[in-house]
1. Looking at the protein assembly as shown from every direction and averaging, what is the projected area of its Cα convex hull in nm²?
2. Which angle from 0 to 90°, rounded to the nearest 10, does the C-alpha axis of helix D:117-140 make with the longest principal axis of chain D?
3. Using the alpha-carbon atoms, what tilt in degrees (0 to 90, nearest 10) does helix A:80-97 show relative to the longest principal axis of chain A?
4. How far, in nm to one decimal, is B:A176 from itself in the other copies if the label point is set 7 angstrom along Cα toward Cβ? Shortest first, please.
5. Rounded to the nearest 100 Å², what is the buried accessible area between B and A, both sides summed, probe 1.4 Å?
6. Considering only the label points, 7 Å along Cα→Cβ from Cα, what distances in nm to one decimal separate B:Y45 from the same position in each other copy, shortest first?
7. By the scheme Lys and Arg +1, Asp and Glu -1, what is the net charge of all other residues having a beta-carbon under 12 Å from that of C:V130?
8. On the full set of protein chains, 1.4 Å probe, figure out the accessible area of B:D147 and give it in Å² to the nearest 10.
There are 4 protein chains.
Amino acid sequence: MPRAHTDTLDRLFSAAVELFGERGYAGTTVDEIVERAGVAKGTVYYHFRSKSELVSALLDDGLRRLAESFRSEIAGAPGGDAALRALVHAELAYIERYQAFSKLVMSEMWRADRDWRDSLRTLREQYVEVFAGALRRGMAEGDFRADLDAQTTASTIFGMIATAALDWLVFDPQAALDDVERRLLPLVLGAVRAPG
Amino acid sequence: MPRAHTDTLDRLFSAAVELFGERGYAGTTVDEIVERAGVAKGTVYYHFRSKSELVSALLDDGLRRLAESFRSEIAGAPGGDAALRALVHAELAYIERYQAFSKLVMSEMWRADRDWRDSLRTLREQYVEVFAGALRRGMAEGDFRADLDAQTTASTIFGMIATAALDWLVFDPQAALDDVERRLLPLVLGAVRAPG
Amino acid sequence: MPRAHTDTLDRLFSAAVELFGERGYAGTTVDEIVERAGVAKGTVYYHFRSKSELVSALLDDGLRRLAESFRSEIAGAPGGDAALRALVHAELAYIERYQAFSKLVMSEMWRADRDWRDSLRTLREQYVEVFAGALRRGMAEGDFRADLDAQTTASTIFGMIATAALDWLVFDPQAALDDVERRLLPLVLGAVRAPG
Amino acid sequence: MPRAHTDTLDRLFSAAVELFGERGYAGTTVDEIVERAGVAKGTVYYHFRSKSELVSALLDDGLRRLAESFRSEIAGAPGGDAALRALVHAELAYIERYQAFSKLVMSEMWRADRDWRDSLRTLREQYVEVFAGALRRGMAEGDFRADLDAQTTASTIFGMIATAALDWLVFDPQAALDDVERRLLPLVLGAVRAPG
DNA sequence: AATGAATGAGAATTCATTCAT
DNA sequence: CATGAATGAATTCTCATTCAT
């Protein structure tokens, strides 16, 4: 029964990402994960060499999903401005859908000494590159200011969206995503648009 | 050889904040803290009921410092625009000076079930209020767009500055603070300024 | 090498009861227990939430054994007098066989603020009730004085036997149980028998 | 001011005996003692070499008091029977007055490995000897059974009274001492009196 | 005579990992 | 594939004791 395998892994992934998001990597125990997943403790070590390999797999998985989400969102955008709007929407939607994963990433991003450090670096490079691409298009089209440094602007805007989204989820959870987007979008566009 | 009370606590605080910033709360052991502080293990438990109470005290202390820094920075600013520039500078300077504390705050801000949850809430409210004040002045003076929601804009801009600063410290540490500020300031001002 | 579940718990129980009997609860370390039991330290915490829960389990176990021992002893006794003789014998035999447990109970019985307080209360109620039953039979049959208060007499006689037995074990260990019983029985019977 | 010294020691003694009675020797910390006594921690080590020396001093003190109480009580008793009645009264009164000390003694009496083991042995020998003296007088006068072993009977009766008294204090504290004595006395006298 | 900050060895508890089934 | 009892090193926390004041 091939379903069984996938099912077990899915339960493990969901439980792990939720808990890591809530309590952080070091603050989450394997016991808590297996309890929430409803599987036995040995099962984790049947599928993964260690706790840190579990988190690596988790990051790689989430990373793949984020990249896909960004790429498909930006695909049909006619210009840099439209692409940036689409990315704001995509990032907010992603964070809403994968809250736990997003919290995990924001909490562990600045750590120095982790085994899965590289997964996070790759994650960051990918999304920064997608944002930077949209920015460069907008600059080339004259919509965005020409003096922007695409790289740093990209990571700054990514962080701006991420903190706004998490702030909303944690401190004002009953607000609608649409409202958040409506308030955030002018700030993002204002930050990069050419004046006049 | 008993030390002066303040000295012992200072050493403990410095060591703890550095390590928590580097490795997170759960990733840091009390042994590591006391070794770096050069005090005995019992000393932590003489002054604090537990490891988590040490973090609370740490947060309260850093919070006080941040609020002071903001208030003194903003004091002489002639208007909303100048105040916002001053706050960008102050936040960057604070994060550079208290890197470890800043990482700690960013890592723990989104956690749900921590003992020091309240300290973090208070911290957030205070700095959001300072930013919101500057924004309201700028809106009243016509420099900033009139349709801004001061609260959410404030927290978004704070997060924008914080992620930019941490990104710089972690991924591009040899860059100068001045450069970061020069690249960041137009984005922040563009985000809130009235067009035209 | 995992052992059968029952075996591990048995070894833990035996080791713990011996040590608690010798040194008291607070005077016994978990390290000493696991060393004597020949298991790893984590095993205690796999089976019990804490050291104090181990004591509770121990008390509940010993309590069950004592109740069984009393009930089977008294079963065939033809009258109150015979039942009381049987109980004296049963209690002495129990204390000789479960010395450590008995010392533990006598040491902790008068404590106010323990986690296992309820286990001890139940223990006391059960044995007092068995003694009181025998006393009531003897009173109804006219062998025992009619003015006895069955409850308080029961607990007094239980304590009388217990202190005599422990005194013997601690201060005169080479004496035979038979001798102790021979010297004790007239005192017990004299205490309750109707004169004449 | 010579009062001060005595006062401090008194507070220390009271606090220590109460806590040792409630929680046992090993279960009581020096911190708890000094907190209840309202003195600083160093004070204990100014007056005593160690925690175990404090308990030794405590035992010696209580022991002296018990011996005095017994001796004065028995002094005017005309015969063995009257002396035994007086001792029952004295022991009950002592336990009521020095509850904590009594609990301490009963809880630690059966331990093997204590520093102050000898103090307890001496205590036991003294009170057993007083009871044995009364018994011997009663046997000589023909009031008590001639086949009693004075030593074991003495310790048994002491334990009988002690457990009855503690049982009363712990499990039925609102009862009056007089009632306890009235119910206990016939049992004690019945245990040793010559029949007929 | 008394204090209380500081100590560090030792005790309780946690937790990632292993392995026989 | 999956289990869960067992492990033991690492970790948090305790507490009797010291000592400069």
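1. Working: hull surface 189.4 nm².
Averaging across all directions leaves 47.4 nm² for the Cα convex hull.
2. Helix D:117-140 sits at roughly 20 degrees to that axis.
3. Roughly 20 degrees between the two axes.
4. 4.9, 9.5, 10.2
5. 3500
6. 1.4, 1.6, 2.9
7. Overall, the nearby charge balance is -1.
8. 110
The values are calculated or read from the model by the stated rules, or taken from the named source; none is laboratory data. Here the structure is a predicted model, which is why all the values come from computation and not from measurement. Cβ sites come from the backbone with ideal geometry, for glycine too, and all protein chains shown count toward neighbours. In case anyone asks, the SASA skips ligands and DNA or RNA and just uses the protein heavy atoms, side chains included. Shrake-Rupley method; radii C 1.70, N 1.55, O 1.52, S 1.80 Å.
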